[in-house]
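No lab work stands behind these numbers, since they all come straight from the coordinates. Bear in mind that the values here come from a model prediction, so they are computed numbers and not experimental data. Using ideal geometry, Cβ is built from the backbone for each residue, glycine included, and neighbour counts are taken over all protein chains shown.
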Amino acid sequence: MNELELLGLTTLVTGGSRGIGRACCLRLAAAGSKVAVNYVSGEAAAREVVSEIEAAGGKAISCQADVSSPEQVRAMLERVQAELGPVDLLVNNAGVFDIVSHEETSLDVWQRMLDVNLTGSYLVSWAVKDGMIERGFGRIVNMSSIAALDGRPTAIAYSVSKAGVVALTQSLALAVAGHNVRVNAVAPGLIDTEILAGVDPEWLDGLIQATPMKRIGQATEIAELVLFLLSERSSFMTGQTLVASGGRVTLP
């Protein structure tokens with residue numbers, strides 16, 4: 001494996017300031033890519049990611065945008081292209097998550113999940129795909145969840161939004177496969193990120209015990225999968241969803 005297998009390529013990671021997105025930014029930069037770190041509100045955290053990449057000799061910028069806003073996505077892409085070049089690799093990682101009962105799943109909750117998790121992936125993908133097609137090269141990785149594959153009674157809107165991401169991945173992959181543009185997804189299980197701060201320890205332990213590997217996943221483990229899907233090590237893969245859940249969810 002070439003340690004700089006992404007050298008010369010430009011990557012945009014949405015939701016890149018923390019958690020899985022942060023791990024992806026650092027790993028892809030270590031593989032040689034120039035990285036645009038998108039954030040919606042965590043400016044300081046995004047700047048820290050950029051500083052860490054630059055300290056290691058890489059090139060990165062931070063770029064604020066709400067991925068559910070067409071205007072903000074358009075402005076973000078214009079800036080990324082001006083400062084880093086056309087986007088070759090895209091990681092649609094930005095997302096929101098709430099644990100709510102079906103009684104609490106209001107239209108506002110439903111719409112927010114779909115706007116960010118699904119429409120956001122659509123908007124950013126559509127903002128870069130035509131350029132990828134024109135250049136005859138592009139790689140997109142969408143962040144789904146095992147909630148898309150195994151229903152969650154207290155996360156109905158989230159589960160639906162992430163199932164939509166799987167369908168988006170499959171359909172877009174087929175549409176652009178003939179242009180050397182590959183589209184795949186990752187469906188993580190429970191991952192040790194900021195989202196677990198303040199959760200009920202008994203609830204968390206119950207999930208760990210329900211995981212055959214008896215542990216929480218690490219963001220760096222998901223970042224390695226993302227690198228695999230963006231690199232030529234996965235050159236014959238498109239339209240696929242890779243599950244990383246410690247065995248909680250398995251596919252046929």
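Things to note:
- The slack between ARG233 and ALA55, meaning 0.36 nm per residue of separation minus the straight C-alpha distance, is 61.3 nm.
- Taking 7 Å steps out from each Cα toward its Cβ at SER69 and GLU48 produces label points 2.4 nm apart.
- With the helix formula -39500 (n - 2.57) applied to DSSP H stretches of n ≥ 4, the chain reaches a computed 222 nm mean residue ellipticity of -13000 deg cm²/dmol.
- Long-range amide H partners of GLY246 with built H, under 5 Å: none
- Taking other Cβ atoms within 10 Å as a rough exposure proxy, LEU242, LEU12 sort from fewest to most as LEU242, LEU12.
- Stretch gain in nm, segment VAL109-ASP205, where the contour uses 0.36 nm per residue and the Cα spacing is subtracted: 31.9 nm
- Charge-dipole axis of the chain as Lys and Arg at +1 and Asp and Glu at -1 on Cβ define it, positive-most pick from GLY8, ALA167, ALA94: GLY8
- Segment ALA177-THR154, extension gain: residue separation times 0.36 nm, minus the distance between their alpha carbons: 4.7 nm
- Which of LYS129, LYS34 has the fewest Cβ neighbours within 10 Å, and the rest in rising order: LYS129, LYS34
- Formal net charge of residues neighbouring GLY246 (Cβ-Cβ distance under 9 Å; K, R +1; D, E -1): +3
- Residue with peak Gaussian network fluctuation, the chain [Cα springs, cutoff 10 Å], from ALA219, ALA82, ALA46: ALA82
- Anisotropy class of segment 170-210 from Cα gyration tensor, a/c 1.5 cut: prolate
- Screening the chain for DSSP H helices whose Cα atoms reach 24 Å or more along their own axis and whose mean Kyte hydropathy is at least -1.0 gives 156-176.
- Relative contact order for segment 112-252, counting Cα pairs under 8 Å that sit 6 or more residues apart, in percent: 29
- Rg/Rh for the chain, where both radii come from Cα atoms and Rh is the Kirkwood radius: 0.95
- Here the contact order of segment 1-72, divided by its residue count and restricted to Cα pairs under 8 Å and six or more residues apart, works out to 30 percent.
- Rel. contact order, % - alpha carbon contacts under 8 angstrom, at least six apart, the chain: 19
- Check: segment 93-252 dipole with +1 on Lys, Arg Cβ and -1 on Asp, Glu Cβ, in debye: 680
- For segment 171-252, a crude dipole built from +1 on the beta carbon of Lys and Arg and -1 on the beta carbon of Asp and Glu, taken about the Cα centre, is about 380 debye to the nearest 20.
- The ranking of GLU83, GLU134 by Cβ neighbour count inside 10 Å, starting from the fewest, reads GLU134, GLU83.
- Gaussian network model of the chain, springs between alpha carbon atoms under 10 Å - residue of ASP130, ASP88, ASP108 with greatest fluctuation: ASP108
- Separation between Cα centres of segment 1-49 and segment 106-175, rounded to whole Å: 19
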